[in-house]
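Working notes, structure below.
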Amino acid sequence: MDKKYFMDYLPEDLLEIGIKPKFRIKQLYNWIYKKYETNPDNMQNIPKELRKRLKEEFIINPLELVNHEIASDGTEKFLFKLNDNHTVETVLIKMKDERIDNGKRKEAKWTVCVSTQVGCKVGCSFCLTAKGGFIRNLRTAEIVAQVWFMKKFKNFNEAKALNVVYMGMGEPLDNYHNMVKAIKIISIEDGLSISSRRQTLSTSGIAPKIKKLGQENIGINLAISLHAVDDELREELIPMNKAYNIKSVIDAIKEFPIDRRKKVMFEYLVIKNKNDDLAAAKKLVKLLNGIPSKVNLIYFNPYPGSPYQRPDKETMEKFQKYLLDKGITCTIRESKGMDISAACGQLREKELKNG
Ligand code: SAH
Ligand code: SF4
């Protein structure tokens, strides 16, 4: 019999397969998601029969850690082996160090960058993940477990504000069903308890799926990989732009429910002499008109054989200043964990080459 994956199941799905009553499910959630217990034998308040069923029928942790690197800026990168021997990576980014704020001690702040597929179908010309092609979707449990693993590994306490971004390997909206379920499971209070308002999904712009996600009304934050302001260049960078051009993506975003205090994040990968001039910045301002938005400028991070170059700091800052002057929130993202190549798919590539 094929094993079931515990982390695939919302509480109501567990009821459906005869794991009941509700308080029992709450206890199981507590063991697995709050105490990080994976051995049913240790779950003292669970009846023997159910423990036996868990052992026989379920896989609780679907990930095996096979590599872990820490960069000089505190970014950590994890490589996981899945049950079919494929690998995915997860990146843990230190956003703020431990600090004293108003005389009070504040904990460090972390964001976990989660993968959603093994490989990716979209085939962006600047992205290393794309080079390996598409292998398979991650199942819900494999997405949830990446977050679960980080909380367990770092011993994060319950109140710890860990943010989640779906910006690792893969296109999350191309794995729609598993993705939406994972967002819901991660947000359950009796479980990992990371509200959907602290989760951000990044998409390369599958317009109809953006609309559909909006209709789910689950409160997730949206990030759009825009990268270009005219269709010709966007098509070169993201071939899918042929099917869903810039206008169709913008139209879909305009229908997306956005929290009153929130904004849509636009990711703009800056490539030297391609999309880094002020004419592009000007077009960008026009494009975002009417959308509560913030722009994240990302330095293109070169890799051996990559077709593009990294822009210089001055160009980045000029671009940023133009947007700021127009009243648009705009940050510059240094690729975190450069020394361990923590951008998009680079660790896995390295492993594949070495082994
Ligand atoms: N597939 C989704 C999810 C994230 S992709 C999307 O495209 O939005 C991973 C992230 O890595 C994206 O933000 C992408 O812009 C970034 N990325 C990919 N290749 C990069 C490179 N060479 N340098 C810098 N960032 C890169
Ligand atoms: Fe896929 Fe995102 Fe990489 Fe494009 S940038 S190939 S959508 S993972």
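The values are calculated or read from the model by the stated rules, or taken from the named source; none is laboratory data. These numbers come from a predicted model, not from an experiment. Heads up, the Cβs are rebuilt from the backbone with ideal geometry, glycines too, and the neighbour counts pull from every protein chain shown. Only protein heavy atoms, including side chains, enter the accessible area calculation; ligands, DNA and RNA are left aside. Shrake-Rupley method; radii C 1.70, N 1.55, O 1.52, S 1.80 Å.
Can you give the FRET efficiency for Leu233 and Lys254, using 1/(1 + (r/R0)^6), R0 = 22 Å, r = Cβ-Cβ distance, to the nearest 0.05?
On the way: r = 22 Å, r/R0 = 1.01.
Between Leu233 and Lys254 the formula returns 0.50.
For Ser225, which sequence-distant residues (separation of 5 or more, or a different chain) have an amide H within less than 5 Å of its own amide H, given hydrogens modelled in the peptide plane?
Thr203, Ser204, Gly205, Glu267
Pull out the extension gain between Thr331 and Ser72, defined as 0.36 nm times the separation in residues minus the alpha carbon to alpha carbon distance; nm, one decimal.
On the way: separation 259, 0.36 × 259 = 93.24 nm, distance 2.16 nm.
Stretched fully, the Thr331-Ser72 segment lengthens by 91.1 nm.
Taking each pair of different alpha-carbon atoms in region 64-354 once, compute 1/r for the pair, average those values, and report the inverse of that mean as the Kirkwood hydrodynamic radius in Å to one decimal.
On the way: mean 1/r = 0.0512 Å⁻¹.
One over the average 1/r among Cα pairs gives 19.5 Å for region 64-354.
Between Ser306 and Asp2, what FRET efficiency comes out of the Förster formula 1/(1 + (r/R0)^6) with R0 = 56 Å and r the beta carbon distance, rounded to 0.05?
Efficiency at R0 = 56 Å is approximately 0.90.
Charges at C-beta only: +1 for Lys and Arg, -1 for Asp and Glu. How large is the resulting dipole of region 285-328 about its Cα centre, in Debye rounded to 20? Kindly include the intermediate steps, with their values, before the conclusion.
On the way: 7 positive and 4 negative charges, 26 e Å.
Computed about the Cα centre, the dipole is about 120 debye.
Please check: in the Gaussian network model of the chain (C-alpha springs, under 10 Å), which one of Phe80, Phe149, Phe58 has the largest mean-square fluctuation.
Phe58
For the ranges 67-78, 306-317, what's the packing order if you count other beta-carbon atoms within 10 Å of each residue, average per peptide, and put the highest first?
Working: 67-78: 17.2, 306-317: 14.3.
Taking the mean over residues of other Cβ atoms within 10 Å, the ranking is 67-78, 306-317.
Note down the nm distance, to one decimal, between modelled labels 7 Å out along Cα→Cβ at Lys282 and at Asp84.
So the two model labels end up 5.1 nm from each other.
If you roll a 1.4 Å probe over the chain with all protein chains in place, what percent of the accessible area is carbon or sulfur? Working shown, then result.
Working: 7940 of 16880 Å².
That fraction is 47 percent.
Want the number for Lys184 to Leu10: 0.36 nm per residue separation, take away the alpha-carbon distance, what's left? Display every interim value, and only then the final one.
Details: separation 174, 0.36 × 174 = 62.64 nm, distance 0.78 nm.
Using 0.36 nm per residue and subtracting the Cα-Cα distance, I get 61.9 nm.
Can you give me the distance in nm between label points at Glu49 and Arg261, each placed 7 Å from the Cα along the Cα-to-Cβ direction?
For Glu49 paired with Arg261, the spin-label model returns 4.8 nm.
Using label points projected 7 Å from each Cα along Cα→Cβ, tell me how many nm separate Arg105 and Lys272, to one decimal.
Distance between the two pseudo-spin positions: 4.6 nm.
Hey, what's the chain come to in accessible area per residue, 1.4 Å probe, Å²? Numbers along the way, then the final one.
Numbers: 16880 Å² over 355 residues.
Per residue, the chain has an accessible area of 48 Å².
Could you give the length gained on full extension between Asn155 and Ile218, defined as 0.36 nm per residue of separation minus the Cα-Cα distance, in nm? Each step should come with its number before you reach the end.
Numbers: separation 63, 0.36 × 63 = 22.68 nm, distance 2.77 nm.
Additional length available on full extension: 19.9 nm.
For a protection proxy built on the mean count of beta-carbon atoms within 10 angstrom, sort 38-47, 165-174, 231-240 highest first, please. Working shown, then result.
Working: 38-47: 13.5, 165-174: 25.0, 231-240: 17.8.
Ranked by mean Cβ neighbours within 10 Å, highest first: 165-174, 231-240, 38-47.
Build a GNM of the chain with springs between Cα atoms under 10 Å: which of Lys96, Lys104, Lys184 gets the top mean-square fluctuation?
Maximum fluctuation in the GNM of the chain, among the listed residues, is at Lys104.
Which one, Gly103, Gly290, Gly205, has the greatest fluctuation when you compute a Gaussian network model over the chain with C-alpha springs under 10 angstrom?
Gly103
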